[in-house]
Amino acid sequence: MTVSRIPTRGTGTASITTIRAPRGGRAPVASTQGTLALDFGGVAIARQPDIRPAPALQHTLEAFARRFCAAVVEVIGGDRGPQQLLRCTTESVYEELRQRAAALAGTTGSDQRLRRLRAQIRSVHLSCPSASSAELSVHVRHGARSRAIAARLEHRDGRWICVALQFG
């Protein structure tokens, strides 16, 4: 084993340890072969805390998430008015939904909307990065096409509110 000292910028030096294979033999294979072996010097690594909402809050969140996703898909499809989501969205999210609904109303007549194929929610995935916030990813199927919707919900004043909404 050879230890080399290399001067670095600033103060101090860096050391490189080189292990040479024995003559005529193969180098020993460590149990960490192919992985990065880190020595934390006896420092315990803290586990990530459990940040799920309280069970009662989790139940209301899951129910709200499914209803909210269904309502957003209906608003985007022209089956529901965006004003029904006013209470559970921020002003910016509501304005975006209103603009999307107005654009749809301007492109198709009401008789065409009655005969068309409606979008279906295939799955809703819920993640809680903190106890008072949640992120949703929604898979929406419209005929042969799949779309995605992402939303961020926050618990404010005793209710869940959508603070960000993105369509993919």
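All of the numbers you see were taken from the coordinates with simple rules; none came from a lab. These figures come from a predicted structure and were not determined experimentally. Cβ atoms come from the backbone with ideal geometry, glycine included; neighbour counts cover every protein chain shown.
At q = 0.11, 0.15, 0.21 Å⁻¹, what log₁₀ I(q)/I(0) does a Debye calculation on the Cα points of region 55-167 give, no solvent, two decimals?
For the requested q values the scattering log ratios are -0.36, -0.65, -1.18.
For labels at residue 62 and residue 125 in the simple 7 Å Cα→Cβ model, what's the distance in nm?
Distance between label points: 1.7 nm.
Of all trypsin sites (Lys or Arg not before Pro) in region 68-158, which ones are in loop regions per DSSP and have a Cβ with at most 14 other Cβ atoms within 10 Å?
Counting only loop positions with at most 14 other Cβ atoms within 10 Å, the trypsin sites (Lys or Arg not before Pro) in region 68-158 are 116, 118.
Amide H of residue 90 versus every other amide H placed in the peptide plane: which residues, excluding those fewer than 5 positions away on the same chain, fall under 5 Å?
Hits under the 5 Å cutoff: 162.
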